[in-house]
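See structure below.
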Amino acid sequence: MTWAMLSTFFRSFFLQTLWNFERMQNVGFAFAAAPLLKRVYKTREMYGRALRRELKFFNTHPYFATIVMGVIFAKERSREDPSAGDDPTLGVLKDSMGGAFGAIGDHVLWGTWRPFAAILALSVGVLVAFPQWGIPRPGLFNHEAASICAKWWIAGFLGVFNSVHLWLRWRGLQKAVDDGPLVVQWVKSLYLQTWAAQTRRLGLVLLLAMALVYLSRWTSSDLLIWMVAVLLGTMIMKRWALSGTVIFYLICGVAYGMTFLDIHWP
Amino acid sequence: MHRVLYAAACSGLIALDFTGWGPWMVSQPMVCGPILATLMGQPVVGLIIGGIAQLLWLDMTAIGVGIPYDATAVTLLGVYWGTLPPHSALSQIILAFFMAVPFGFIFRWVDIGARRLNSVVVHRLDHVSDARLPAALPLVIFGALLWTLARFTLTYIVAMYAGQTFWNRMAYIPKLTRFDQALTIAVILLPVAGMGVALELLLSEEPESRFNRFRRFKPKEGVGDS
């Protein structure tokens, strides 16, 4: 059983390989769940039919997909007569779990954990490689300092983010295989929404500290006024749903305008 | 030419992260930028472009049927062009970034086309018999993986080469002009703008609602009902 679970775990990374607009992650789901389904269905035809059922529409957050796979396996295993054909409740269960976990994943992982891990790695990397009060103070183009910063960013972000990602994939699969649909109780017990709210607050504190450190490095008062204006202006532009692309070119335009006011690199 | 092939092959592998095998988040700008820049010998270019792109497009990710703007492509192309001069000046780095930004849309369109093609493969799979399905699934998955790698590498070769040709013809050298000064000041302002984007995202109670803005495609009616 452990081998089948390991196989499903590794295959789950291919969930989005054949992502399509019609049925989204269906092929990836069937491919990843195959080792588990093979343990339920002994004949090739029945196994093939079970895989065919998994080729219907499916979409969820990729890190929660293993939980749905585990639940489907547990339900298929518990059927009295697996050869009796389709069980319509399985499709409904799969769809509803996919939708719910998709919403949780988008909020907790994409909307909170990813920005937090990025801000944490960015700020730690910059502070370690370019310490403001350190002696000597390396400049931005110091090759050694840049290499140290790059390592911190890459290792820090991937380490922090993927520790949660991999744990969720593997532990979720284990729990779903053991508990079946009751795995939702386990997910509930993680208090993900509460953790997300706290993480966002912590990320906000980190980001404000990073902004203050960054602003304090420039001594020109003219430039500082412009920087604060850009910070607030970007927040307002984001509220108006302007994209990062528009903001990028607007900032370049502002920088061009600043040269007419004789504001230069200090 | 060797440089283009090497950078495009690395970029193709990095681009597999979200569409092929993962996502491990290697395709995030703050990760892929420094990786490619280190491989090209100038890590500072990756720090500047990757760091700014990460913050500026922090509220961008693929959810549901939405295919977002490709910030990974912007970072990789910007880093490649930014590392073309042996010792890039700040204004050269931002100019490379400036040139790369529209390519995020082009890569997005290519991705949308590729995913439409995936639907055709899925339809073909419907015609495979149940007995052959267990063998067909790994074949289509690994075929799709190779195809994704090939299309990304090819797109990067074309984009990098076109930009490199333009860059070489332009032979941009920093001078004490207003344009050059503006590009240099933009290096100071862009991280601040990125922090503004991140602040707004973290202040939001529903950060995922930002991602929905990029939804353009809806599944056909009835699809998804099982």
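Listed values, structure above:
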quantity	calculated
Relative contact order of chain A, defined on C-alpha pairs under 8 angstrom at six or more residues apart (%)	18 percent
Burial ranking of peptide ranges B:64-70, A:210-216 (average Cβ count within 10 Å, highest at the top)	B:64-70, A:210-216
Cα centroid separation, the range B:117-144 to the range A:236-259 (Å)	46 Å
Debye intensity ratio in log₁₀ form over the Cα atoms of the range A:78-204, taken at each q of 0.09, 0.11, 0.18, 0.23 Å⁻¹	-0.43, -0.57, -1.01, -1.32
Residue mean of other protein chain beta carbons inside 10 Å, A:101-112	4
Max mean-square fluctuation residue, GNM over chain B, Cα-Cα springs under 10 Å, options B:I93, B:I52, B:I106	B:I106
Relative packing of peptides B:17-30, A:42-55 - highest average C-beta neighbours within 10 Å first	B:17-30, A:42-55
Proxy reagent accessibility, fewest Cβ within 10 Å first, across A:R39, A:R79, A:R114, B:R169	B:R169, A:R79, A:R39, A:R114
Relative contact order (%) - the range A:1-144, alpha-carbon pairs under 8 angstrom, separation at least six	19 percent
Cβ neighbours within 10 Å from other chains - mean over B:36-42	2
Pairwise centroid distance, computed over Cα atoms, of the range B:23-95 with the range A:183-221, Å	23 Å
Per-residue average of Cβ from other chains inside 10 Å of B:70-76	1
Chain A: angle of helix A:65-78 to the longest principal axis, Cα-based, in degrees nearest 10	10 degrees
Angle between chain B longest axis and helix B:71-82 axis [Cα atoms, degrees, rounded to 10]	40 degrees
Helix B:178-203 vs. chain B, principal-axis angle (Cα, 0 to 90°, nearest 10)	40 degrees
Cα-Cα P(r), the protein assembly as shown, percent of pairs per 20 Å interval	23, 52, 22, 3, 0
Measure of compaction for chain B (Cα Rg per 2.2 N^0.38 Å)	1.14
Packing rank of A:97-105, A:181-189, where each peptide gets the mean count of other beta carbons within 10 Å, highest leading	A:97-105, A:181-189
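Laboratory data are not the source of any read-out in this text; all were calculated from the coordinates shown. A quick note: this is a predicted structure, and the numbers were derived from the prediction, not measured. Glycine also receives a Cβ, built like all others from the backbone with ideal geometry; neighbour counts cover every protein chain displayed.
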